[in-house]
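A short worksheet on the structure shown next.
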Protein chains: 2
Amino acid sequence: MKTHQITIKDIARILEISPSTVSRALKNHPDISPETKKLVQTFAEKVKYRPNALALSLRSSKTFTIGVIIPEIVHHFFSSVISGIEDVAYAAGYKVMMCQSNENDAREAINIQALLDSQVDGILISVSKTTRNSEPFQRIVENNTPIVFFDRVCEEIESDRVIVDDREGARIATQHLISLGCKQILMLGAPLHMLIGKQRLDGYKLAHEQNELAINPSLFMRCDTRDDVTKQADAILSLAPHIDGIFAVNDSTAIAAMQLLMKNGYKIPTQIKVIGFGDGPNATISSPSLSTVGQKGYEIGQESTRMLLTRISNPDLAEAFHTRVLTPELIVRESTTI
Amino acid sequence: MKTHQITIKDIARILEISPSTVSRALKNHPDISPETKKLVQTFAEKVKYRPNALALSLRSSKTFTIGVIIPEIVHHFFSSVISGIEDVAYAAGYKVMMCQSNENDAREAINIQALLDSQVDGILISVSKTTRNSEPFQRIVENNTPIVFFDRVCEEIESDRVIVDDREGARIATQHLISLGCKQILMLGAPLHMLIGKQRLDGYKLAHEQNELAINPSLFMRCDTRDDVTKQADAILSLAPHIDGIFAVNDSTAIAAMQLLMKNGYKIPTQIKVIGFGDGPNATISSPSLSTVGQKGYEIGQESTRMLLTRISNPDLAEAFHTRVLTPELIVRESTTI
């Protein structure tokens, strides 16, 4: 078991009284009974409680551990984020402990409590898709544990945040196709009730507006998995003779569409140029390799950790919370290069 | 902060005396001074220490948390293992906390300490490639924390283990090619000082022996990454006219070799059949899709967790340690199906 400096909270827990009673007993507050005062003061002396060092905080001393909660470890974006987090954290002498919510809000709440129980010095979190209730995050705040949200934030919690500009990523991708001469660009998109579905469609539209290109509504399809491409193969193939570009909301959909078109005699990129979104490992393995938009997962991890460490090192920092917005980057490969 | 049953170790920490002094003071041992006895006994009463429940163990009560240390989260095999671990653990009411060693033995040792500090109920670990020293694992044993090694074990520590039979996986893959009529099978293998390099070559050889097929030494190449395939493209292409099958030590090498051959006019699978090893997501995304060997990561995670939970629930279990060996499975896709 680690040894750590004793805090008001520790004393409260051991003596089974509230932290505020401990705090007031130590200050000889008149509301507190002489018996309780004696108990608390004698105990505090015995365990060498040091009020000056810790009076401002109910938190126990540092564990030099950062807790991370992510939706899905198997997702390449999140594993890139973790690399960024770990590189900054370990370089600063911090350890990293991770929990996976698996897009399940109940598991997320359990994970938060587990990390708080482990007395991590701060928490980095990307919110599960199923989360509707901010109460578990509120508990982190009440525990005086610094928190930084990355990629998917909880709007109700005031905190530092690091996000990527999804709309701008989609605009860049679409602009790339337009700059190469594409005029009829099929978008394979996510459901519009999902934030990335809406933002990436907005970016696609914005690029068209900026280039004074008409948007053909029949060129938007709800199709965002490899399976969707298989199921909607007929619809895609019926549009194929009329298009010169495809922007897909993620890499695996882009690759599946590319393979479908090639099997049916289309040449990529000469006849149809294809761009994805995400820049996972599949983008380099596909043939032709896939142009795409890099989401800067590694940088997100680094930046979130830097922001968290600043808060951990300066618990009394009065500075307002920041939101850092990273711009995705265009990555050009064979699927758009002749 | 969690509330938990107070233990002898807690009392020792708070009062800054050794656990054995606390234990003896509670038993009225004559070696302990009356002052210390009074302090310990009064304190134990105050904090409702329950000797009967915990007398047999210095460990604090359960946190219902399992600690996991894995080499690389980004690796598909390990993320499958994690899914298996979490499904069994959460179903049994346990939380999972993960640390990544990043194949770094120093970081692995730090992670072990962090998990012990968090008082996890048990640890699942796959050893980092750079680990030479068993001392950090010994600390887990000394802490009376149950441990199960999976996939990569530490031979010096007696414990439960779950491993896959790599040689058998390679034998199955090679046998599949032989059964389809292949007689000249190029093996793209890993360095032989690595265990998987040696075991997978052994499996390749065994399949040849079992079929009384001669092994042509010029058909083994040290080539186990996509980059290696690019660098050794000339050598592979010079062998291509003489081979009818390829067994690659992992999927990405198999896919890269397949793409190289197709670009140079070879037909897969009609002229050359290709099989990989691993069954990551790329195997289904490649075109043609890749036949491969599944490593049963999910089952490894499930089985390791079941073994760990058995030890956690039965701390006094006298049963000897087990090693569970899982057999990899053949997965047939387009790259070997005409």
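Annotations
One line per residue, one yes/no per condition, for (1) touching a strand residue (DSSP E or B) at 6+ places or on another chain (Cβ under 8 Å); (2) part of a loop (DSSP other than H, G, I, E, B):
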{"position": "A:I157", "(1), (2)": "yes, yes"}
{"position": "A:I178", "(1), (2)": "yes, no"}
{"position": "A:G197", "(1), (2)": "yes, no"}
{"position": "A:T230", "(1), (2)": "no, no"}
{"position": "A:L239", "(1), (2)": "yes, no"}
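- Selected residue (criterion: least open to solvent (accessible area, probe 1.4 Å)) from residues of the range A:280-294 that are at the interface with chain B (Cβ under 8 Å from one of its Cβ atoms) and among the small types (G, A, S): A:S286
- For the range B:295-326, the set of residues classified as exposed (fewer than 12 other Cβ atoms within 10 Å of the Cβ) and touching an Asp or Glu at 6+ places or on another chain (Cβ under 6 Å) consists of B:V325 only.
- Residue match in the range B:283-297 (condition: in contact with a Leu (Cβ under 7 Å, 6 or more places away or on another chain) and in a strand (DSSP E or B)): yes
- When residues of the range B:180-195 are limited to those that are out of contact with any helix residue (DSSP H, G or I) (no Cβ under 7 Å at 6 or more places or on another chain) and not in a helix (DSSP H, G or I), the one most open to solvent (accessible area, probe 1.4 Å): B:H193
- The one condition in (1) in contact with a Cys (Cβ under 6 Å, 6 or more places away or on another chain); (2) part of a strand (DSSP E or B); (3) not charged (D, E, K, R) that A:I123 fails to fulfil: (1)
- Filter pass, B:I163 being touching a Ser or Thr at 6+ places or on another chain (Cβ under 7 Å), open to solvent by less than 60 Å² (accessible area, probe 1.4 Å), closer than 19 Å to B:A240 by Cα and touching a residue at least 40 places away in the same chain (Cβ under 8 Å): no
- Residue match in the range B:217-231 (condition: buried (at least 21 other Cβ atoms within 10 Å of the Cβ) and within 20 Å of B:E168 (Cα to Cα)): yes
- All positions within the range A:241-260 that are in a helix (DSSP H, G or I) and within 13 Å of chain B (Cβ to nearest Cβ): A:D251, A:S252, A:T253, A:A254, A:I255, A:A256, A:A257, A:M258, A:Q259, A:L260
- For the residues A:G265, A:G278, the requirement of being at positive phi, over 15 Å from the mean Cα position of the chain (by Cα), of a type outside the set (A, V, I, L, M, F, W, C) and in the same structural domain as A:I196 (by TED's automatic domain parsing) singles out A:G265.
- Exactly one residue out of B:V141, B:V148 is under 13 Å from the mean Cα position of the chain (by Cα), in contact (Cβ under 8 Å) with a residue 12 or more places away in the chain and away from chain A (no Cβ under 14 Å), and it is B:V148.
- Residue count, the range B:79-108 (criterion: at the interface with chain A (Cβ under 7 Å from one of its Cβ atoms), of a type in the set (S, T, Y) and open to solvent by 20 Å² or more (accessible area, probe 1.4 Å)): 1
- Within the range A:109-125, the set of residues being surrounded by fewer than 23 Cβ atoms within 10 Å (Cβ to Cβ) and away from chain B (no Cβ under 14 Å) is empty.
The values are calculated or read from the model by the stated rules, or taken from the named source; none is laboratory data. Every value quoted in this text rests on a predicted model; they were computed, and no experiment measured them. A quick note on method: Cβ atoms are made from the backbone with ideal geometry, for glycine too, and the neighbour counts reach across all protein chains shown. Ligands, DNA and RNA are excluded from the accessible area calculation, which covers all protein heavy atoms including side chains. Shrake-Rupley method; radii C 1.70, N 1.55, O 1.52, S 1.80 Å.
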